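Data first, discussion second: the structure below is written as structure tokens.
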Amino acid sequence: MSNFNWLIDGPIVLIYLGGTITCGLLIRRYVHKVDDFLLAGRNVNLYLGIASLAASEFGIATCMGNAELGYKYGFAGVTPGIALALAMFVVGYTGFCIRPLREQKVITLPEFFEKKFGKQVRWACGLVMVLGGLLNMGVFLRQAGDFLSIVCGFDPSYLEVVMTVILAAIALYTILGGMLSILITDYIQFIVMSAGLIIVILMIIFKFGWAALLETAGQQIGDGAFNPFINPHYGVDRILLDVFLAFAAVLTWQTMISRVLASKDSGTGKRIYMNTSPFFLARFVLPAILGIGALHYFGSDFHDKSIFAMPNFLSAVIPVGLIGILVASMLAADMSTNSSYMLAWSSIIYNDIMKPIHKGRWSEVKGLFWNRLLIACIGIFLLLYGLWYPLKGDLWVYLQVTGTIYLSSMSVILIAACYWNRANSWGAFAAIIAGAFIPISFLVMQQIEITQPLTQKIGPYKTGVATYLVAAVAMVAGSLIKNNIKPDLS
Amino acid sequence: MTYLFWSILCFLTISWFIMVMLIVAYRGGIDIKHLLKDLQSDGTYENEDIPSY
């Protein structure tokens, strides 16, 4: 039974929604060119960049997935956050790959790759990035619908309606205002989301006591709740995948890298990364506390449906009034994520996959029209995929596996493009094929009854680690083979 | 010892989050003002540049 009260909490949510959407829509008059639409005219400064990057990388799916890690593994579930924060700080501090990328003034990663590897690699990279990206965000909408249904106490049969309304609101201001609307709404959403999360976390800590939460984690999960190396469900292969994924995501995840590309200069891009790095730890720590709170409150009642433990916990313990702020903050988190992701993947489809069609010669008006149409199409895809795909296993693991489809090959190609003179198109193609084939095969085999036992035996972590290693070997081998066979052409 | 590590980490993370939220709330607003000002001047320049027939 939810504490959500439509007379008190309902108006809080509606005021927030109305305010954000109005701001997003008013901004559209500042959009004149495709560059304004996709990168806000490359005028983004430090603090707005931090707000936007933080807001776009924290959605309801992230919060549920990371709370699930806290519920199942205790504080050991924070490990991916530690890896991400460290990776982001190191990349921001050194400017590794992101400095040459920003200095080339490109819109997307594939555009950068074309300069080194040619047009075909650009097209193939665009295709793989969109495939991985769309599969990755395909589950966002269902998670948001589930969360809101539980916390607000909707009848689950309204799930599809809730999902459609959320998506339509997000698509409306993203289609009209592009990156500019996203930046402004991200700023509002960052403040609402942060304030809501902090209030809820502090309330839970004071209500149950920090010592009691620690004790619950220790009793229910054992010593593995505090040490991922000795946790029977974690282990070295999973930690290794967390580290690979963290560096690859920081270097090539389009929604992250687009903030560097939209920054005023490479120095600002580096500072955005360095200053946002602790947020990537908070992105795991705060939901993990909620997950441990759910474990404290329910015990192992949600063992089979651990993803629903956190929303059920919040709907039961957060009082009227505060639950409205919580729903507004979670909606804020989700809207900023979905809008950024829709724009990120549509920008790659337009800029890279459709390049052979428009050849960069379309007028600004026609370019804007197509970008808006692509966002609408992505919205429809999300709705259909969100309703259709049955999630198996941890949500975070699904996000890791789908992300790996492109993160493995793109990170290898980016590093090679920036720092290895002998890298060439054969190596790039080999890395793309190896990087996409392994995780896609794993996802398909996971859905087929005969091959399911094999996927369970190998597991997603070893598969993920193998993908990164094989992609790197393929890049080196492919490049060396071309250099030996066609030394004059490479 | 591990309890202490996670307690300190969580305390620092929450403190950092509160501090950054307040700073970004103030300075982010200023950034938006400058961003819109720059884009408006770009737009004006562009519109002036396009000859009307």
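The values are calculated or read from the model by the stated rules, or taken from the named source; none is laboratory data. These numbers were taken from a predicted model, which means no experiment stands behind them. When we count neighbours, we look across all protein chains shown, and the Cβ atoms used for this are built from the backbone with ideal geometry, even at glycine.
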(request) Could you list, in sequence order, all residues of the stretch A:459-472 that are in contact with a helix residue (DSSP H, G or I) (Cβ under 8 Å, 6 or more places away or on another chain) and either outside any helix (DSSP H, G or I) or of a type outside the set (G, A, S) (or both)? (result) A:G459, A:P460, A:Y461, A:K462, A:T463, A:V465, A:T467, A:Y468, A:V470
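Listed here are the residues, each with its yes/no results for (1) assigned to a helix (DSSP H, G or I); (2) under 19 Å from the mean Cα position of the chain (by Cα); (3) among the charged types (D, E, K, R).
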residue	(1), (2), (3)
A:V401	yes, yes, no
A:T404	yes, yes, no
A:S409	yes, yes, no
A:A416	yes, no, no
A:A423	no, no, no
A:F429	yes, no, no
A:I433	yes, no, no
A:M445	yes, no, no
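Can you work out which of the residues in the stretch A:153-167 that are touching a residue at least 60 places away in the same chain (Cβ under 8 Å) and in a helix (DSSP H, G or I) is farthest from A:G18 (Cα to Cα)?
Kept after step one, since they are touching a residue at least 60 places away in the same chain (Cβ under 8 Å), are these residues of the stretch A:153-167: A:153, A:160, A:163-164, A:166-167.
If we keep only those that are in a helix (DSSP H, G or I) as well, we get A:160, A:163-164, A:166-167.
Numbers: A:E160: 21, A:M163: 17, A:T164: 17, A:I166: 12, A:L167: 15 Å.
Here the answer is A:E160.
Mind listing just one residue for me: the one in the stretch A:251-285 that is under 14 Å from A:R102 (Cα atoms) and among the hydrophobic types (A, V, I, L, M, F, W, C) and, of those, farthest from the other protein chains (Cβ to nearest Cβ)?
The first filter runs over the stretch A:251-285 and keeps only residues under 14 Å from A:R102 (Cα atoms), leaving A:251-252, A:254, A:256-273.
This time we only want the ones that are among the hydrophobic types (A, V, I, L, M, F, W, C), so: A:251, A:256-257, A:260-262, A:272.
Working: A:L251: 23, A:M256: 17, A:I257: 19, A:V260: 16, A:L261: 15, A:A262: 10, A:I272: 11 Å.
Applying the filter and picking the extreme gives A:L251.
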(request) Within the stretch A:38-48, identify whether any single residue is surrounded by fewer than 21 Cβ atoms within 10 Å (Cβ to Cβ), part of a helix (DSSP H, G or I) and in contact with a Pro (Cβ under 8 Å, 6 or more places away or on another chain), and answer yes or no. (result) no
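Go through A:T467, A:T455, A:T451 for me and flag whichever is surrounded by 17 or more Cβ atoms within 10 Å (Cβ to Cβ) and either more than 27 Å from the chain's Cα centre (by Cα) or farther than 24 Å from A:K116 by Cβ (or both). Give the steps one after another, and end with the answer.
Values: A:T467 fails: either more than 27 Å from the chain's Cα centre (by Cα) or farther than 24 Å from A:K116 by Cβ (or both); A:T451 fails: surrounded by 17 or more Cβ atoms within 10 Å (Cβ to Cβ).
When all the criteria are applied, what remains is A:T455.
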(request) Could you grab me the full set of residues in the stretch A:131-148 that are more than 29 Å from A:S409 (Cβ to Cβ) and either of a type in the set (V, I, T) or surrounded by fewer than 23 Cβ atoms within 10 Å (Cβ to Cβ) (or both)? (result) A:D146
(request) Find the helices (runs of 4 or more DSSP H) located wholly in the stretch A:230-307 whose residues include 2 or more that are in contact with a Pro (Cβ under 7 Å, 6 or more places away or on another chain), and list them. (result) A:236-252
(request) Of the conditions (1) part of a helix (DSSP H, G or I); (2) within 12 Å of chain B (Cβ to nearest Cβ), A:A61 clears all except one; give me its number. (result) (2)
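Do you know which of the residues in the stretch A:424-448 that are under 21 Å from A:W396 (Cβ atoms) and without any contact (Cβ under 8 Å) to a residue 24 or more places away in the chain is surrounded by the most Cβ atoms within 10 Å (Cβ to Cβ)? Before the answer, list the steps.
Of the stretch A:424-448, the ones under 21 Å from A:W396 (Cβ atoms) are A:435-436, A:438-447.
Going one step further and asking which of them are without any contact (Cβ under 8 Å) to a residue 24 or more places away in the chain, we end up with A:441, A:444-445.
Working: A:S441: 13, A:V444: 11, A:M445: 17.
Filtering first and then ranking leaves A:M445.
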(message) A:L14 - would you say it is out of contact with any helix residue (DSSP H, G or I) (no Cβ under 6 Å at 6 or more places or on another chain), in a helix (DSSP H, G or I) and either facing another protein chain (nearest Cβ under 10 Å) or modelled with pLDDT of 80 or more (or both)?
(response) yes
(message) For the stretch A:121-141: of the residues being in a helix (DSSP H, G or I) and small (G, A, S), which is farthest from A:A430 (Cα to Cα)?
(response) A:G133
(message) What's the number of the only condition in (1) at the interface with chain A (Cβ under 9 Å from one of its Cβ atoms); (2) modelled with pLDDT of 75 or more that B:G43 fails to meet?
(response) (2)
(request) Report yes if some residue within the stretch A:66-78 is out of contact with any strand residue (DSSP E or B) (no Cβ under 7 Å at 6 or more places or on another chain), surrounded by fewer than 21 Cβ atoms within 10 Å (Cβ to Cβ) and small (G, A, S); otherwise report no. (result) no
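Could you say whether any residue in the stretch A:265-273 is more than 23 Å from A:F89 (Cβ to Cβ) and free of Cβ contacts under 8 Å to residues at least 60 places away in the same chain? First the steps, then the outcome.
Of the stretch A:265-273, the ones more than 23 Å from A:F89 (Cβ to Cβ) are none.
Taking every residue of the stretch A:265-273 in turn, none turns out to be more than 23 Å from A:F89 (Cβ to Cβ) and free of Cβ contacts under 8 Å to residues at least 60 places away in the same chain.
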(message) For the list (1) touching a Leu at 6+ places or on another chain (Cβ under 7 Å); (2) surrounded by 22 or more Cβ atoms within 10 Å (Cβ to Cβ), I need the number of the one condition that A:I107 fails.
(response) (2)
(message) Against the definition (within 22 Å of the chain's Cα centre (by Cα), modelled with pLDDT under 80 and under 21 Å from B:V24 (Cβ atoms)), how does A:A40 come out, yes or no?
(response) yes
(message) If A:I98 satisfies all but one of (1) under 16 Å from the mean Cα position of the chain (by Cα); (2) buried (at least 22 other Cβ atoms within 10 Å of the Cβ); (3) closer than 30 Å to A:I432 by Cα, what's the number of the condition it fails?
(response) (1)
(message) Restricting to the stretch A:242-264, give me the number of residues that are farther than 19 Å from A:M129 by Cα and either basic (K, R) or out of contact with any Lys or Arg (no Cβ under 7 Å at 6 or more places or on another chain) (or both).
(response) 3
(message) Tell me which helices (runs of 4 or more DSSP H) are completely within the stretch A:72-119 and hold 3 or more residues being touching a Ser or Thr at 6+ places or on another chain (Cβ under 8 Å), or say none if there are none.
(response) A:79-94, A:98-103
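What about A:K305, is it under 26 Å from A:S411 (Cβ atoms) and surrounded by fewer than 24 Cβ atoms within 10 Å (Cβ to Cβ)?
Working: under 26 Å from A:S411 (Cβ atoms): no; surrounded by fewer than 24 Cβ atoms within 10 Å (Cβ to Cβ): yes.
So A:K305 does not fit the description; no.
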(request) Note down all Cβ pairs under 7 Å where the first residue falls in the stretch A:27-52 and is within 7 Å of chain B (Cβ to nearest Cβ) and over 21 Å from A:W345 (Cα atoms), the second is surrounded by fewer than 21 Cβ atoms within 10 Å (Cβ to Cβ) and modelled with pLDDT under 75, and they're at least six residues apart or on different chains. (result) A:Y30/B:Q40; A:Y30/B:G43
(request) Identify the residue in the stretch A:184-240 that is of a type in the set (V, I, T) and facing chain B (nearest Cβ under 8 Å) and, among all such residues, is surrounded by the most Cβ atoms within 10 Å (Cβ to Cβ). (result) A:I184
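Can you tell me which of B:M19, B:M1 is exposed (fewer than 13 other Cβ atoms within 10 Å of the Cβ), modelled with pLDDT of 90 or more and either on the phi < 0 side of the Ramachandran plot or more than 8 Å from chain A (Cβ to nearest Cβ) (or both)?
Values: B:M1 fails: modelled with pLDDT of 90 or more.
Just one listed residue meets the conditions, B:M19.
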